[in-house]
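First up is the structure itself, then whatever we jot down about it.
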Amino acid sequence: LKPFMENSTQVKFFYLFGLQETFNNKSVYFILSLITYLLIITVNLTLIITIIQVKGLHEPMYIFLCSLCVNGLYGTAGFYPKLLLDLQSDVQVISYGGCFTQTFVIYTSVLCEISTLTVMAYDRYVAICRPLLYHTIVTSLTVRKLLVFSWCYPLLIGLIALSLTVRIPLCGSRIDKIFCDIPSIVKHACLAITINQNFNKFVIVVHVLQVLFIIFSYCQIVRNCVKSAKGRIKFTQTCVPHLITMVIFITVTLFDTLQGWNSNVNITLNMRNAMAIQFLVIPPVLNPVIYGLNLQQIRKNYFLLLLTKPVNGMK
């Protein structure tokens with residue numbers, strides 16, 4: 001233990017080097033990031049408020065969608081405020097506690113996104129493949145249990161991953177990304193990180209199983225929907241948006257995870273950053289926009305809400 005103790009340091013700050021190649025265009029990136037974050041807040045809050053205020057939307061599908069939007073706000077809150085500050089600073093530094101907090105928020109947000117997409121796939125499977133039993137199977141109690149699973153499971157996994165990372169003595173503080181994450185931190189470990197690597201493999205396996213469940217659900221849905229024109233319309237309206245979001249999210253998340261844990265991957269810093277922030281840009285924007293545009297009931301109630309507000313105010 002003595003050699004590693006001599007090499008280890010008491011890390012108080014981490015230095016983010018992900019913005020090193022953007023020095024000449026920081027103002028442009030700041031404006032684009034600010035517009036993106038404001039757009040994310042606006043579209044997600046709009047959908048959340050619409051679903052909460054309209055009683056006709058208090059159905060499982062819309063409740064899960066609301067949960068997805070809340071998670072979008074939660075995850076991006078751990079990323080954009082710090083990014084906007086860094087784009088206004090000459091040196092990008094984050095405290096030890098701040099780095100682990102950001103890691104926890106982004107990590108659990110990613111896990112929650114996958115879990116919520118899994119829950120939504122199950123809900124669509126029951127609604128389309130077993131419509132007569134839908135209200136018997138997907139009861140209000142079932143909805144609450146699924147919501148608890150989609151949030152508590154990621155938080156538990158996040159706490160375990162964080163505790164395994166915090167215990168590691170570090171011999172460096174350089175992070176070659178624009179935000180903190182576990183692979184970037186453990187690269188500076190002064191000890192073997194076998195437990196962390198094994199736990200990460202376990203998490204990946206669990207989420208691969210979730211993806212396989214989603215694929216199985218949609219195979220059943222497609223097989224059921226092609227039988228009738230009404231089924232094809234229902235699939236297009238409620239499932240295609242879900243599939244688009246899921247494919248994009250899983251692809252970029254898997255890429256970021258694999259390149260984060262595999263140091264042999266040789267890509268430019270800009271490419272690494274572009275891929276790393278996809279799950280913090282695309283899903284939070286596309287989820288409410290795609291669903292809001294495709295689900296007629298949400299679109300109709302949103303406009304009704306806008307029209308009735310001034311009238312109620314005049315009264």
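Just so you know, all these numbers are worked out from the coordinates, no wet-lab data involved. Note that this is a predicted model, so its numbers are computed, not measured. Positions of Cβ are backbone-derived with ideal geometry, glycine not excepted, and every protein chain shown enters the neighbour counts.
Here are the numbers for the structure shown:
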quantity: Estimated inter-spin distance, I290 and T42, nm [label 7 Å along Cα→Cβ]; calculated: 2.1 nm
quantity: Phi to ³J(HN,Hα) by Karplus 6.51 cos²θ - 1.76 cosθ + 1.60 over the range 148-158, Hz, x for Gly, Pro; calculated: 4, 4, 5, 9, 6, 4, x, 5, 5, 4, x
quantity: Reciprocal mean inverse distance between Cα atoms of the range 67-197 - Kirkwood radius, Å; calculated: 16.9 Å
quantity: Relative exposure of L243, L47, judged by other C-beta atoms within 10 Å (fewest first); calculated: L243, L47
quantity: Packing-based ranking, highest mean first, of 130-138, 107-115, 35-43 given that Cβ atoms within 10 Å are counted; calculated: 107-115, 35-43, 130-138
quantity: Length released on extending from A274 to Q53, taking residue separation times 0.36 nm less the Cα-Cα span; calculated: 75.9 nm
quantity: Theoretical FRET efficiency, 1/(1+(r/R0)^6), r = Cβ-Cβ of V222 and L254, R0 25 Å, to 0.05; calculated: 0.65
quantity: S163 versus L212: modelled label distance in nm, points set 7 Å from Cα along the beta carbon direction; calculated: 2.8 nm
quantity: For V93, distant residues with modelled amide H under 5 Å away; calculated: L16
